[in-house]
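The values are calculated or read from the model by the stated rules, or taken from the named source; none is laboratory data. Keep in mind it's a predicted model, so treat the numbers as computed, not measured. Here the Cβ is made from the backbone with ideal geometry for all residues, glycine too, and neighbour counts use every protein chain on show.
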Amino acid sequence: MIIEMRQGATRKNIETVVTKAKKLGLDVQLNQGVEKTVIALLGSNTGEIPTETFEVFPGVEKVVRIMKPYKLASWESKQEKTIVQVGDVKIGGKEIIIMAGPCAVESKEQIIACAKKVRDEGGKILRGGAFKPRTSPFSFQGLKEEGLEFLAAAKEKTGLLIVTEVVAPEDIELIAQRADILQIGSRNMHNYRLLEAAGKSKKPVLLKRGFSSTKEEWLTAADYILREGNPNVILCERGIRTFSNATRFTLDIGIVEVIKKDSHLPIIVDPSHAAGYFEYVPGLAKAAIAGGADGLLIEIHPNPQEALSDGPQQLTFSDFSRLMVELKTIAQAVGRII
Ligand code: PEP
Ligand code: MN
């Protein structure tokens, strides 16, 4: 961490900063220039110290971090890429993993129909919310426990693995009995007790990016799960809020490349929630594969017009089939397989 003192900062100002740094167990290097003093703070835990610790002191102009605020998610703490193995599916390897299914589990017939479609098209994981985090309390909140039973039935019929959302720490035990991957949604990315509980469960976790979160906040949220001794975290970009209202959210394709540079964790993309409309989903899905994503999370529905949530963005089975054919070609073009 580098602390730049203001021009004219007094010796007492400098001493206060140095004393505080020493109290925190940091080594201090003082660089006294003609006009300004710059203080370098060294120590293995500087990434954990908030910049405000020093910004509050009189005479301090600027505090700049050198260490990244996230640790366990970064290449600094692990040098090989994380491959999350769930059953015999590997996420983060050469194969691009397709996870698809409805926004919400609505009935046994609906989820089994989706599961068969996903399996037949080469998808490996079935998605479907049993516990739904809805913007309005008056909207359909999911079938909850019954939805989990239906997911289990679909798994039994097709052999697909299950990813489903957890919205509260107290539900994790129940959901973990049925799910292979726990999904933490965009609205809960900052729910630190939930992240810790998901970490403790030791189940693989699909961590969606908060729709107004920076890369640092996202990777630091991943650290909460990793710190509990759960290495199986899969990141999922699902669009962020920007000034553009052309699509429901703005898919940040660039983050895929940036995450690969900064983190060993696999990253997949959810084109459905970013698009908000079925016609835009295929284009975003293809862009994500071309852009290096390790997988996709796509919403499909036997009859989107009757869907209880997110109808406009869910693909029909025939649109999904067509998309899967195109995705396979793109995967091959970028040296991957589906
Ligand atoms: C979902 O995948 O069903 C969902 C609610 O997504 P998000 O958390 O990205 O809004
Ligand atoms: Mn949805």
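Does H264 satisfy being touching an Asp or Glu at 6+ places or on another chain (Cβ under 9 Å), closer than 30 Å to L72 by Cα and either of a type in the set (V, I, T) or within 15 Å of ligand 2 (Cβ to nearest atom) (or both)? It is false that H264 is touching an Asp or Glu at 6+ places or on another chain (Cβ under 9 Å), closer than 30 Å to L72 by Cα and either of a type in the set (V, I, T) or within 15 Å of ligand 2 (Cβ to nearest atom) (or both).
Count of the range 97-116 residues, restricted to those that are outside any strand (DSSP E or B) and either within 13 Å of ligand 2 (Cβ to nearest atom) or surrounded by 24 or more Cβ atoms within 10 Å (Cβ to Cβ) (or both), is 7. Checked against (1) closer than 17 Å to I97 by Cα; (2) within 20 Å of the chain's Cα centre (by Cα); (3) within 16 Å of ligand 2 (Cβ to nearest atom); (4) in contact (Cβ under 8 Å) with a residue 60 or more places away in the chain, F320 meets all criteria but (2).
Among the numbered conditions (1) farther than 23 Å from P266 by Cβ; (2) surrounded by fewer than 16 Cβ atoms within 10 Å (Cβ to Cβ); (3) not aliphatic (A, V, I, L, M), the only one that F57 does not meet is (2).
In the range 182-197, the qualifying residues are those that are away from ligand 2 (no atom under 16 Å from the Cβ) and not hydroxyl-bearing (S, T, Y), and the one that is surrounded by the most Cβ atoms within 10 Å (Cβ to Cβ) is L195. Taking I172, is it farther than 24 Å from F278 by Cβ and surrounded by 17 or more Cβ atoms within 10 Å (Cβ to Cβ)? So I172 fits the description; yes. Exactly one residue out of F140, F131 is part of a loop (DSSP other than H, G, I, E, B) and in contact with a helix residue (DSSP H, G or I) (Cβ under 8 Å, 6 or more places away or on another chain): that is F131. Out of all the residues in the range 8-15, is one or more over 28 Å from I225 (Cβ atoms), of a type outside the set (A, V, I, L, M, F, W, C), at pLDDT 95 or above and surrounded by 15 or more Cβ atoms within 10 Å (Cβ to Cβ)? Yes - at least one qualifying residue is present in the range 8-15.
Looking at the range 202-239, which of its residues are among the aliphatic types (A, V, I, L, M) and either surrounded by fewer than 16 Cβ atoms within 10 Å (Cβ to Cβ) or within 16 Å of ligand 2 (Cβ to nearest atom) (or both)? Passing the criteria: only L206.
Residues of the range 226-246 being within 16 Å of ligand 1 (Cβ to nearest atom) and either small (G, A, S) or farther than 17 Å from E257 by Cα (or both), which ones? Once the filter is applied, which keeps residues that are within 16 Å of ligand 1 (Cβ to nearest atom) and either small (G, A, S) or farther than 17 Å from E257 by Cα (or both), the range 226-246 yields V233, G239, R241, T242.
Conditions tested, residue by residue: (1) in contact with a Lys or Arg (Cβ under 8 Å, 6 or more places away or on another chain); (2) over 28 Å from S263 (Cβ atoms).
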{"residue": "E15", "(1), (2)": "no, yes"}
{"residue": "G25", "(1), (2)": "no, no"}
{"residue": "V28", "(1), (2)": "yes, yes"}
{"residue": "Q32", "(1), (2)": "no, yes"}
{"residue": "E35", "(1), (2)": "no, yes"}
{"residue": "L42", "(1), (2)": "no, no"}
{"residue": "T53", "(1), (2)": "yes, no"}
{"residue": "G59", "(1), (2)": "yes, yes"}
{"residue": "V63", "(1), (2)": "no, no"}
